[in-house]
Amino acid sequence: MILASPTKPYHGARRRWRAALRWFVLVSAVALAWPLRSDSVTSVLLPALSPFVGICSALATRAVGVISLFALPVIALAAVFPRWFCHYACPAGLLQELLERFHPAVAPVSSRVPPVGKWLVAVALGGACIGNPLFLWLDPLALFNGFLTSWRGPLVAMNLVAGLGLPLLLLFNVFFPRVWCQRLCPLGASQELLAWPRQRLRRAAGGSNAVTRELQGPLVARRMFLGGCAGVAGVLALNLARGGTPSPLRPPGALGETQFTGVCLRCGNCAQACPARIIHPDFGASGVAGFLSPVLRFDSDYCHEDCYRCGQVCPSGALERLPLERKSLHLIGMATVNLDTCLLVNGRECTACIRACPYAALSVQSADGGFLNEPVVDRAKCNGCGACEAVCPVRPERSIRVSPHGSQ
Amino acid sequence: METRLSRRDLLRLLSAAGLGAAFSRHAVADEVGIAPVAATVPENKLIPTPDGPRYPAQWIGGKVIQPERPLTVVNETDVLVVGGGPAGFAAVVASARAGAKTTLVERYGYFGGQWTGGLVLLVISSHARENGQLVKVLRGIGDELLERLTRIDGAVVNQAPGKFNPTSDPEATKFMMDEMIREAGVKVFLHCWVADVVMDGPVIRGVVFESKAGRQAILAKIVVDATGDGDVFAAAGAEHERRLHAIGLVHRVGNADRADRTRLAEAGVKSLGSVEPLSSVKWVNLRGPSTDCLDVGELTRLEMEHRRAIWNRVQQLRKKPGGEELFLLQTAPQLGVRMSRLLTGTHQLTYAEAREGKKFADTIAVGGAQNGQHRGWPIPYGVMLPKKLDNLLAAGRCVCVDEKLIEDSRLIASCLTTGHAAGAAAALAIQTGCRPREVEIARLQKLLLSQGAYLG
Ligand SMILES: Cc1cc2nc3c(=O)[nH]c(=O)nc-3n(C[C@H](O)[C@H](O)[C@H](O)COP(=O)(O)OP(=O)(O)OC[C@H]3O[C@@H](n4cnc5c(N)ncnc54)[C@H](O)[C@@H]3O)c2cc1C
Ligand code: SF4
C-alpha cells in the first residue's frame, strides 16, 4: 500500500481492480522492454509515458515529437487524479511495494525528509529552459526500462550501467521504505505539481483552512522559481566547466552536447538496439554532465549505413528519430589519418580503410611518382561512421580515427 | 628428419656456393628433367642445327598470317601448372605430393613470381585473430617453405611463434622453392612462356608455349592457371573480368646499415624502406599509376619510367647527409603488376562475406588479416572453378573475388593457400577420375588437412 492516505484505503472490488491493473502494467512493461522480436522498438514506450520526461525533454529540445505525445494521457490523468500513475500503473512502485512485504517492521521515515522530488522537478524544468534538464535520468520508468533492456543483449558495459539503476533504487527502499516514492521521485513529484491547480481550487472552494502547506500558492511558486534558477545556474556552470572541449562521439541524431547530456535518460535503449555494439557508457570524456551517457567506440564495428535503430528507441528525444535518409546525413564526426603510423604511408599494401568506407570518402593520394601514398579523407563525404577506424590494422592506436567535430 | 633436412640444405648451400658443383648440378638437372651438362663437353663445340619444316608467318594480302602447323608435344602429364609464383609453387608441390604426375611451366628462370622476382618480400596476412588469439592461417606448403627458411641464417624474419607476416630473402626463397619442387618430383620447364591453350571442345587438353626452342605443346589432364594474370583461362575462353590497377616496381637499397639514420631523419628521410633478413638491405615498395597490365606499351613505359624514378630517388638519398653510402642494389626483375584478369568462378567471394567470416561447406583455405587483427575469411572452392570450362582451375591473385576483396586475396599468403588447394584438388580429380568440379569436397578437405593446410 503506497502513498494512499490512511483515510482512503482501497477496499474490495476497487482494490482487486487496482491490483489487476498494476500487474497488467508491470507485465506489459516487461513485454514492451523485452519484446519477442529483437528488432522491435517497443522499449521506447514505457519511459515515454512519464510526464517528467515528456515535459522536460519537450522544453529542452523545443520540440514535441511523436514520442512525447505518449505522456499526454498521463499528464491529463495526473491533473485530475493526483498521483494516479503511482497508484495504478508505476511498475517501479509496485516492485518496491512487493519488496516491502519482507520488511514490514521498518518504520517509514519519509515525513522527516524534505520534498526533494519537487525541487528536482523545479531544477530540471529550469535547466530544461536552457537545454539541459539535468535529472531526467532519475525518472523511475527510465530506470525500470534500463534494468529490463540490460538483460536483452550481451553484457556490454552500457547495459550493466543502465541495469544498475533499478536495483539501487530497490535497495534504497529496503533501508528507507517509501522515501523514494513520497519524497524523492521526480515522476511522483511532477504528478503532484500537475495536480496542484485543481486541488488548490477544490480546497479553496471548501474553505481556506483546508489548504495544507504543500498546496500554498506562494510556497509552490517560490520553490519553482528558486529551483528553476538553480537549474539554470547549474547548467550554466556545467557549460562553463566544459568550456570548448569538443563533445565526444555521440550516436547519430544526437542533440547538441549540452542538451544531449541532460535529455538522455541513460536508459540503455540505444546501446541495446545497436546491432554493431558500438555504444558504450561514458566514464569521463564528456565530463560530469555526461557521466554514463552513450558514446561511440569503433573498436570492432562502425555505425552501419543501413541502420537507424538507436534513434527509434530513444524515449526522451535525446536522439532524434531520424529516417534512414536523414540519419546518414547526420555527421557523427570526421576521420583523420595519422601519417606517422599509417601502413600505406609506410610503403605497405594497405587500403583497408579506403575499401571499408561506405560513403566513398577515402581515396589514395599519391605523390613523388607513386613513392608517397596516403589515404585522404574527403571532408564533404565523411560521415564519421567509423568504418575506417574499425578496420585499420594498426595497434594499439589506429592510424585512422574519427574525432568529434570541432576537434580537428 | 630435421637433421637430415638441414644436412641436405647445407649441401645445397655449399653447392650453390660452387663447392661440389658437378655433383649437385647433376642431381638437380636429373630431377628437373633438363639434360645433365656433362663436364667433358668442350666449349664452342659445333652442334647440328635441327632441320625439318619451318612455318614462319606469311605476309598475305596485307596481313600477317600464321600458317597451320603441327606442334611437338614435349610432355604429357596429369596436372600442368602454368606460372611458378607463390600459387603455382604451392600447387605443384601439393599435386606431386598427392601422387599426380605434375609439370610446371614458368616464363622466367626462377620460382616465386612477385614474391621473389617482384621483390615483394613481405608475406602479408599470414595470421588472423580468432577469439582474441593470433592464429596462423598460412599453413601447409607455404608455411613449410618459410619454416625451412628459418633453418638458414639470414633467410627469413618474423617466422616464429607470436610473430606474423614474415619477410624472406628473395634468393633464399628461390633456392628453397627449387628444393621443394625438386624433392616433390615435379617436371619443370623454365624460360617457357605459355602463349595459348590446346582445346578439345569445352575441355582444355594442354597448353602451347614459346621458348628458345620455338612453339611447343604440353598435354595435360588438368591445367591450373597460376599465371596471376589468368593468361590460360583467358586463352581458353573462360568468362572473366579485366581490371586496371596500380603498377609499381620494387627496388632494394644497399648499405642501409651504414646510413646515419639520425642525420637522414633530420634531412626529412624517415624510412629507407621495409625490413629484410639482411640488415644491410631494405626493399622499397612503389605503388605507381593505375593502368592496364595487359597493354605491353604500358608495361614498357612504366618499366623505364619507374627505373628512372628509382635511380633518381636513390641518387638524391646519396646526396643527403648520412645517406652517402647508400646505393641502388637492384630493381626488381619483374614489374609490380598487382592485378589484371579475374576469373568468373562458380562462386564470387565478396568483401562482405569475407569480413563477416562467412563459412562455406567447400572451404579449401582461410585468408588472413593485414596484421592478424581480425578473423580469418574462409575461401570456398568455387573461387577457382570456371563457370563452364572443364579440367581448368585458377589459383593465386586471379581467383574469383569482388573488386574490394582482391586487395586481400592477392596477398602472398592467400596465393600460397589457394595454390595449395588447387594443386591438391587437381591431384584428387586425377586420382578419382573425375572433373575438378566433381571432386568430393570432404575428401579434398581431408587431403588438404593431411598436407598441413588450415581450414578454420
Ligand atoms: C608492387 C607490389 C607490392 C606488393 N606487396 C605485397 C606485400 O608486401 N605482401 C604481400 O603479401 N603481397 C604483396 N603483393 C602482392 C603479391 O606479391 C602478389 O599478388 C602475389 O605474388 C601473387 O602470386 P601469384 O602466384 O598469384 O602470381 P605471381 O606472383 O604474379 O606469379 C605468377 C607467375 O606466373 C608466371 N607467368 C605469368 N604468365 C605466364 C605465362 N604466360 N607463362 C608462363 N609463366 C607465366 C610469372 O612469371 C610468375 O612467376 C604486392 C604486389 C605488387 C605488385
Ligand atoms: S587502414 Fe590504417 S594503415 Fe591502412 S591505409 Fe588506412 S589508415 Fe593506413
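Between A:V80 and A:F283, what's the calculated FRET efficiency when r is the beta-carbon distance and R0 is 41 Å? Round to 0.05. Don't skip to the answer; put the middle values down first.
Values: r = 43 Å, r/R0 = 1.05.
Step by step, r from the Cβ atoms, then E = 0.40.
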Could you give the length gained by full extension between B:Q431 and B:L449, i.e. 0.36 nm per residue of separation minus their alpha carbon distance, to one decimal place? 4.8 nm
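Averaging the inverse of every distinct alpha carbon separation and then flipping it gives the Kirkwood radius. What is it for the range A:331-408, in angstrom units?
This gives a value of 12.4 Å.
Quick one: length gained pulling A:L372 to A:R101 fully straight, 0.36 nm per residue minus the C-alpha distance? Numbers along the way, then the final one.
Working: separation 271, 0.36 × 271 = 97.56 nm, distance 7.37 nm.
Length gained between A:L372 and A:R101: 90.2 nm.
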For a quick check: with amide H placed at 1.01 Å from N, whose amide H comes under 5 Å from B:V135's, ignoring anything fewer than 5 positions away on the same chain? B:A128, B:R129, B:E130
For B:N131 and A:E397, what does the FRET efficiency come to when R0 = 25 Å and r is the distance between their Cβ atoms, rounded to the nearest 0.05? 0.60
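Please pull out the direction-averaged projected area of chain B, using the convex hull of its alpha-carbon atoms, in nm² to one decimal place.
So the Cα hull casts an average projection of 25.1 nm².
May I ask you to give the average projected area over all directions of the convex hull of the Cα atoms of the protein assembly as shown, in nm² rounded to one decimal? Mind showing how you got there, number by number?
Details: hull surface 200.0 nm².
Projected over every direction and averaged, the Cα hull of the protein assembly as shown covers 50.0 nm².
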Packing rank of A:330-340, B:395-405, B:330-340, where each peptide gets the mean count of other beta carbons within 10 Å, highest leading: B:395-405, B:330-340, A:330-340
Which FRET efficiency, nearest 0.05, do A:Q216 and A:S28 yield, Cβ-Cβ r, R0 41 Å? 0.60
For chain B, what's the relative contact order in percent, using C-alpha pairs closer than 8 Å and at least 6 residues apart? 21
Only Lys, Arg (+1) and Asp, Glu (-1) charged, at Cβ; chain B dipole about Cα centre in debye: 580
What's the center-to-center distance, using Cα atoms, between the range A:54-82 and the range A:250-319 in Å? 23
Taking the Cα centre of the range B:378-454 as origin, sum charge times position over the Cβ atoms of Lys and Arg (+1) and Asp and Glu (-1), and report the length of that vector in debye to the nearest 20. 160
Using all C-alpha to C-alpha distances in the range A:20-327, build P(r) with 20 Å bins and read off the rounded percent in each one. 33, 58, 9, 0
Considering only DSSP beta bridges whose two residues both sit in the protein assembly as shown, what percent are antiparallel, to the nearest 5? 75
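Can you give me the relative contact order of the range A:20-327 as a percent, contacts being Cα pairs under 8 Å and 6 or more apart?
For the range A:20-327, the relative contact order is 24 percent.
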The range A:20-327 - percent of accessible surface contributed by carbon and sulfur, probe 1.4 Å: 69
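I need the Kirkwood Rh of the range B:110-269: take the reciprocal of the average 1/r across all distinct C-alpha pairs and report it in angstrom.
19.2 Å is the Kirkwood radius here.
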Choose one of B:P56, B:F89, B:A426: the residue whose Cα lies farthest towards the positive end of the charge dipole of chain B (beta-carbon charges +1 Lys, Arg; -1 Asp, Glu; about the Cα centre). B:F89
Evaluate the charge dipole of the protein assembly as shown about its Cα centre and quote only its size in Debye, nearest 20, assuming +1 on the Cβ of each Lys and Arg and -1 on the Cβ of each Asp and Glu. 4000
Considering the zone a paramagnetic label at B:E324 would reach in this model (a point 7 Å from Cα along the Cα-to-Cβ line), which residues of the range B:234-261 have amide N under 19 Å from it? B:254-261
Taking 7 Å along the Cα-to-C-beta vector as the label spot, tell me the A:Q365-A:T245 distance in nanometres, rounded to one decimal. 3.2
Using a/c under 1.5 as the rounded threshold, could you call the range B:325-422 rounded, prolate or oblate? The axes a ≥ b ≥ c are square roots of the C-alpha gyration tensor eigenvalues, and prolate needs a/b larger than b/c, oblate otherwise. oblate
For labels at B:T350 and B:E241 in the simple 7 Å Cα→Cβ model, what's the distance in nm? 1.1
Contour minus end-to-end for A:W17 and A:F225, with contour as 0.36 nm per residue of separation and end-to-end as the Cα-Cα distance? 70.9 nm
For the protein assembly as shown, with the dipole built from +1 on Lys and Arg beta-carbon atoms and -1 on Asp and Glu ones, taken about the Cα centre, which of B:A155, A:S150, A:H330 lies farthest toward the positive end? A:S150
Positive-end residue, the range B:214-310 charge dipole about Cα centroid, Cβ charges, pick of B:A238, B:L219, B:L249: B:L249
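The values are calculated or read from the model by the stated rules, or taken from the named source; none is laboratory data. This is a predicted model, so every value here is computed, not measured. Note that each Cβ is placed from the backbone with ideal geometry, even for glycine, and that neighbours are counted across all protein chains shown. The accessibility values were calculated without ligands, DNA or RNA, using every heavy atom of the protein model including side chains. Shrake-Rupley method; radii C 1.70, N 1.55, O 1.52, S 1.80 Å.
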